[in-house]
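K.L.:
Sending over a structure as structure tokens; questions will come in a sec.
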Amino acid sequence: MSGIDLNASPTEDDDIDMDPPFCTQAPPPEMVEESPDPIGSDQEVGGGSNDHSNRGPHTNSASHNVGNNSNPTTTMPTESTTYPEFEDGEDDIAGMHEVLSTPTEPFIGMRFDTVEAARVHYNAYAAKLGFSVKSHTSQRNRHTGTLEKQQFVCNKFRKPKTDEELQRERMNIIEEVSPVQMDEENSEGHDEDDKAGPSKRSSSRLAVKRKRETIKQTSCRARMFVKLINNKWEVTYFIAEHNHAMVDKPSLTKYLRSHRGIPPDEREFLRCLHNCNLQTGRMMEIMSEFYGEDAFVPYGPKTISNLRSEFRSENKEYDISETLDYFKDLKQKDPDFFYDFSLDDENRVEHIFWVDSVVRKAYQESYHDCVSFDTTFLTNRFSMPFAPFVGINRHGQSFMLGCGLIRDEKQESFEWLFRTFLKAMHGRQPSNIITDQDWAMRSAIKAIFPVTWHRNCRWHIMKKANEKLGSFLGRRPGLAEEFNSCVDESWTVEEFEARWQEMVLKWELAGNETFDWLKKNAHTWVPCYFKDRFFPFLQSTQRSEGFNAVLKRYIHPHNSIKHFVQQYEKIQRKILGVEGNNDYRTEQLEVVPQSTFPIEKHALTVYTRDIYHRFKVEFELIGRYNVQVLAPNMYYLVPNSERCYPYGERSYMVNASGENSYNCDCCKFQRDGLLCCHVLKVFTHIGIDRIPERYITKRWTQLAVESVTMPTGPALDELMPEQSLQKLRYANLCTSFVQVAKLGSETEQAAAIARRHIREMKAEFVQLKKVRRKKAKSNTSTNAAQPTVPTYAHQHTSDPNAPHHTPGANAHQHTASRNAPQPTPSGNAH
């Protein structure tokens, strides 16, 4: 074994595997060990008599001669090691990854540049055999404190527990482990938001802790000692034999503690998936696709889940300050970007609001007529409710008109948010707003938006009513149908009042608290009270609720506020992308009209494509009515079938007053901005072939927001940063090499071909990097040869009155800003 040279690169004729026989990735160097090393121990490792008495055939008793130069030694390749075939000492093939590709058995005299390189090599060797490694005793210099000796052992090195010890643990497990500790240890891998309190979670997981599983110990003697000699870590003692069975299945190696690490490149790729809010299961499926099979992924779902928890906890204490810095960066890129926040008496952030420039312009010009507002979506890690303002664009598509995070749902918080929204929108109040039934919100809207018409969400009100009336309605068949007809098909307040009174008398509802409450607040939610107000295509906060469903795919409540803001930007870009696609459909694509009526063809030319489809659905209903001319300017529309959804069984009156002015009892045009089927039926009856100009709502056309120019995209070579391109190439190459591995593993001849090409590729990669380095070095030397004239900031200003910049002033200001106290989020973050 002493004749092996690990630095020698195998030739093409060698039949030596360049990679382990199964897929085991190198753990990251910063991976936490199985248990903390006893630092500062005075125990001498490698010199005990008991250790030497039980040596196997692979041990060497001449450990005291390790410093003798006559012993053949091998230096493990690291970043400072040179390869004989590459004279410039490229480090691409060297290092831990190359060591892991050929994990030979350690031997006395083997040398490493660092103790970490020794651990990585022994761990790779352990992965090949099927056991786990842990760092055991170590020794430091008493004067300098530097590490001098380190022992690595098999993780089954301890003595097996006796029956008495097991019984003692069984009796004392509840006292030994506190509920908080049990909650922390068992919370790994849980992605869902656990809303139970600490006591509930602790008690529910107590049984899990009692059934915990530990490593089966066998007093295994397998180990490796390394000692620092002449600035190199040298193997001074090694035992290869184990007294237990190995993990012989490659798919099970990932469950061994020391082989659970995720490689750095894959960590970054998983970070990308995490930022896209993919769940742990989906991330594991993607990695399984890269590796070919789930069994070959060198880590499991729990490892990924723990990594996601690590991502969420990064810089948690600086979350608010980083978010505000991020807003400042956005402000520099987009001068009209708006953000604001408020602090409490303890300098903690209470509320945050932000909105981009494109939305501000669009709101000013057309989209201030209807806003949906809802805070029932979620709260973030600081328990701050999320409060989006949702509008409707020219395609009938929901989009965000701004976003806020508030401390609580009290009137003062809502007033601050609405006041800030008003400030961002240059003082323009929304014409109509629909919210859920929250009295604090209603009071704040009345105070800040006095001219805004406020409507409550019907769905929320009926949900609360059904919770109380479920059994009551079940005992009265037909009452629910009559109630819905009274609410939906009453087109005037007087008609609603009459039908409600009739329903109360018929079903003896007088004195019922729920029905009395519904009637008392009818003016906040019944449609007939809002028949002439612009609430297009909705009677509830379904815009906000549908938008919340989108947010749940992008945002996890435990993520940071900065991540929350970044995901908000992704959603906005996605919305703009969909809007651009709808613009393209409207302007560039054709569609065949449903009928031959000229008025439908005219609608196709004036409306956006999605609004035209809504018009077409309404236009199809003209065949359900017959026209009766009562007077020269009065038309009576009578249904020719029993029922016409959504207008019911009633007849409607259309009045023509003045030039091209038509009014219908249903008030659809005032409510949705589109003509109803009753008016359209009159148009076809009297021969009007074009929609009158006054009935073409500008907000449903391509001219809705003329001055808004969407941000131009970057140049083609700047569409994706180099770091993202590298991750994309890494993912694609992983998939390609999995396919190559499947083909190369079919026969030994195919495997030899694959290994030969792998060696050739590695050599070409090193040469490519060497050429790049030489080119960069030559450019550096050329730039250094050219004399440069120092310039100062005051030399570049065109203003003669500009202040003179003192050297070091900027550095002082930067240091001061870094040391300045940063605001912290309210609630638990303090």
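Okay, residues lined up against (1) within 23 Å of LYS570 (Cα to Cα); (2) crowded, with 21+ Cβ neighbours inside 10 Å; (3) touching a strand residue (DSSP E or B) at 6+ places or on another chain (Cβ under 7 Å):
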position: CYS370; (1), (2), (3): no, yes, yes
position: ARG394; (1), (2), (3): yes, yes, no
position: LEU401; (1), (2), (3): yes, yes, yes
position: ASP438; (1), (2), (3): no, no, no
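K.L.:
As an exercise: evaluate PHE157 against (1) open to solvent by 30 Å² or more (accessible area, probe 1.4 Å); (2) modelled with pLDDT under 90; (3) hydrophobic (A, V, I, L, M, F, W, C) and give the number of the one condition it does not meet.
P.N.:
Only one criterion in (1) open to solvent by 30 Å² or more (accessible area, probe 1.4 Å); (2) modelled with pLDDT under 90; (3) hydrophobic (A, V, I, L, M, F, W, C) is unmet by PHE157, namely (2).
K.L.:
State which residue pairs qualify: first residue under 18 Å from GLN567 (Cβ atoms) and of a type in the set (Lys, Arg) and inside the range 273-288, second residue part of a helix (DSSP H, G or I) and open to solvent by less than 50 Å² (accessible area, probe 1.4 Å) in any location, beta carbons under 9 Å apart, and separation of 6 or more residues or different chains.
P.N.:
Listed pairs, sorted by first residue: ARG282/LEU273.
K.L.:
Could I ask something else about it? Please go through the range 420-436 and pick out each residue that is farther than 23 Å from LYS531 by Cα and either open to solvent by less than 10 Å² (accessible area, probe 1.4 Å) or among the acidic types (Asp, Glu) (or both).
P.N.:
Answer for the range 420-436, where residues must be farther than 23 Å from LYS531 by Cα and either open to solvent by less than 10 Å² (accessible area, probe 1.4 Å) or among the acidic types (Asp, Glu) (or both): THR420, PHE421, ALA424, MET425.
K.L.:
Return the pair list, or none, for Cβ contacts closer than 6 Å from residues in the range 319-337 that are part of a loop (DSSP other than H, G, I, E, B) to residues that are surrounded by 13 or more Cβ atoms within 10 Å (Cβ to Cβ) and among the polar types (S, T, N, Q), at least 6 apart or on different chains.
P.N.:
From the range 319-337, the pairs are ASP334/SER357; ASP336/SER357; PHE337/SER357.
K.L.:
Taking helices (runs of 4 or more DSSP H) that do not extend beyond the range 521-617, which have at least 1 residues that are within 30 Å of PHE311 (Cα to Cα), modelled with pLDDT under 90 and open to solvent by 40 Å² or more (accessible area, probe 1.4 Å)?
P.N.:
Result: 542-554, 561-588.
K.L.:
Next question. Which of the following residues is part of a loop (DSSP other than H, G, I, E, B), out of contact with any Gly (no Cβ under 9 Å at 6 or more places or on another chain), open to solvent by less than 50 Å² (accessible area, probe 1.4 Å) and of a type in the set (Val, Ile, Thr): VAL627, VAL705, VAL679, VAL654?
P.N.:
VAL705
K.L.:
Identify the single condition in (1) of a type in the set (Asp, Glu); (2) open to solvent by 40 Å² or more (accessible area, probe 1.4 Å); (3) modelled with pLDDT of 85 or more that GLU489 does not satisfy, given that it satisfies every other one.
P.N.:
With (1) of a type in the set (Asp, Glu); (2) open to solvent by 40 Å² or more (accessible area, probe 1.4 Å); (3) modelled with pLDDT of 85 or more applied to GLU489, the lone miss is (2).
K.L.:
Within 44 Å of the chain's Cα centre (by Cα), at pLDDT 90 or above and open to solvent by 10 Å² or more (accessible area, probe 1.4 Å): which single residue out of ALA240, ALA245 fits that description? Quick ask: steps written out before the conclusion?
P.N.:
Numbers: ALA240 fails: within 44 Å of the chain's Cα centre (by Cα).
Unique residue meeting the criteria: ALA245.
K.L.:
Let me ask something else about it. Going through the range 440-484 one residue at a time, which ones are open to solvent by less than 40 Å² (accessible area, probe 1.4 Å) and of a type in the set (Val, Ile, Thr)?
P.N.:
ILE445, ILE448, THR452, ILE461
K.L.:
Go through the residues of the range 356-365 one by one and say whether even a single one is open to solvent by 40 Å² or more (accessible area, probe 1.4 Å), touching a Leu at 6+ places or on another chain (Cβ under 9 Å) and either in contact (Cβ under 8 Å) with a residue 60 or more places away in the chain or of a type in the set (Asp, Glu) (or both). Spell out the reasoning first.
P.N.:
Kept after step one, since they are open to solvent by 40 Å² or more (accessible area, probe 1.4 Å), are these residues of the range 356-365: 361, 364-365.
Filter once more, so that each one left must be touching a Leu at 6+ places or on another chain (Cβ under 9 Å): none.
No, the range 356-365 contains no residue that is open to solvent by 40 Å² or more (accessible area, probe 1.4 Å), touching a Leu at 6+ places or on another chain (Cβ under 9 Å) and either in contact (Cβ under 8 Å) with a residue 60 or more places away in the chain or of a type in the set (Asp, Glu) (or both).
K.L.:
So ASN275 fits all but one of (1) open to solvent by 30 Å² or more (accessible area, probe 1.4 Å); (2) in contact with a Ser or Thr (Cβ under 8 Å, 6 or more places away or on another chain); what number is the exception?
P.N.:
(2)
K.L.:
Something else: Among (1) in a strand (DSSP E or B); (2) under 19 Å from GLN567 (Cβ atoms), where does VAL358 come up short?
P.N.:
Answer for VAL358: the failing condition is (1).
The values are calculated or read from the model by the stated rules, or taken from the named source; none is laboratory data. As the structure is a prediction and not an experimental result, all values here were calculated from the model. For neighbour counting, all protein chains shown are included, and Cβ atoms are generated from backbone atoms with ideal geometry for every residue, glycine included. Side chains included, ligands, DNA and RNA excluded: accessible areas come from the protein's heavy atoms. Shrake-Rupley method; radii C 1.70, N 1.55, O 1.52, S 1.80 Å.
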